[in-house]
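Contents: one structure, followed by commentary.
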Amino acid sequence: MWLSSPALPVGGFSYSEGLEAAVDAGWVTNEAQALQWLRGQLQLTLARSELPAACAAHAAWEAADSAALQAIQTWVLTTRETAELRQQSQQMGRSMLEWLRHLRPDHPALALAAQIAPAPAWPLAFALGGLALGLDTDHMAHALAFSWLENQVQAAMRAVPLGQSSGQRLLAALTPGIPAAVAQARNLQHRMDHWQSFSPMLAILSSRHEIQYSRLFRS
């Protein structure tokens with residue numbers, strides 16, 4: 001629960017991951033459309049990209065496999081289709097690593113993390129956080145998925161905007177989908193050639209967001 005808390009000092013609250021641009025374009029204007037947007041993100045991107053990368057990274061941290069970690073890092077950064085999505089992954093990863101250095105300064109994996117330049121991207125850093133807090137791969141992946149969901153619901157509440165009751169209904173509707181997303185990610189964990197972040201409209205919206213006139217969020 002600690003690892004998935006929105007109070008974690010990694011800046012997740014400052015990113016909408018394209019949602020703000022979808023609101024600006026008039027595609028997400030109410031609770032039902034926000035539900036459709038977030039469900040698509042969970043099923044089409046998180047379950048096939050961030051979650052399998054994090055699961056594979058958890059195993060690599062545990063095995064101290066620097067080559068595997070570097071391969072995952074390269075995949076994550078090269079599949080971020082816009083500058084702001086790449087910057088988000090890098091910034092949140094750096095912040096997670098800094099938090100872990102203060103929380104678990106003697107953890108042996110921190111020396112390995114220092115070899116990944118400029119810092120482990122977000123899925124790798126979150127997986128390291130899970131390992132440092134004693135979580136197995138499944139619990140780490142569930143924590144990552146719920147952390148993402150809660151931050152995105154908060155983003156929808158501010159950007160659409162929606163009320164707190166709407167936010168709770170979104171969480172109630174989407175949380176049951178997390179176990180299936182984690183199961184899909186675990187199935188893909190050892191098959192990097194099946195990972196994908198192909199979401200062309202999200203990339204277009206993210207590109208638009210970079211030059212959007214008025215913004216609340218950094219992505």
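The values are calculated or read from the model by the stated rules, or taken from the named source; none is laboratory data. Everything quoted here is computed from the prediction, not taken from an experiment. Every residue, glycine among them, receives a Cβ derived from its backbone with ideal geometry; neighbour counts consider all protein chains shown. To get the accessible areas, we keep the full protein, side chains included, count just its heavy atoms, and leave off ligands, DNA and RNA. Shrake-Rupley method; radii C 1.70, N 1.55, O 1.52, S 1.80 Å.
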Provide the packing ranking of 91-97, 195-201, 22-28, i.e. peptides ordered by the mean count of other C-beta atoms within 10 Å per residue, highest first.
91-97, 22-28, 195-201
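What's the ranking of 132-143, 107-118 by average number of surrounding C-beta atoms within 10 Å, highest first? Provide the component values of the computation, followed by the final result.
Numbers: 132-143: 18.7, 107-118: 13.9.
With the highest mean Cβ count within 10 Å placed first, the list reads 132-143, 107-118.
Can you give the extra length, in nm with one decimal, that the chain gains between GLN154 and MET201 once fully stretched, where that is 0.36 nm per residue apart less the Cα-Cα distance?
In short, 14.7 nm is gained.
Whenever you get a sec, compute what percent of the accessible area on segment 1-81 sits on carbon and sulfur atoms (1.4 Å probe).
On the way: 1890 of 3310 Å².
Carbon and sulfur together cover 57 percent of it.
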So if I take the centroid of the Cα atoms in segment 20-96 and the same for segment 152-195, what is the distance between those two points in Å?
12 Å
Convex hull (Cα only) mean projected area of segment 1-93, reported in nm² to one decimal
7.1 nm²
Label-point gap, in nm, between GLU62 and ALA7 - each point 7 angstrom along Cα→Cβ
2.9 nm
Burial-style ranking of 205-216, 178-189, average other-beta-carbon count within 10 Å with highest first, yields 178-189, 205-216
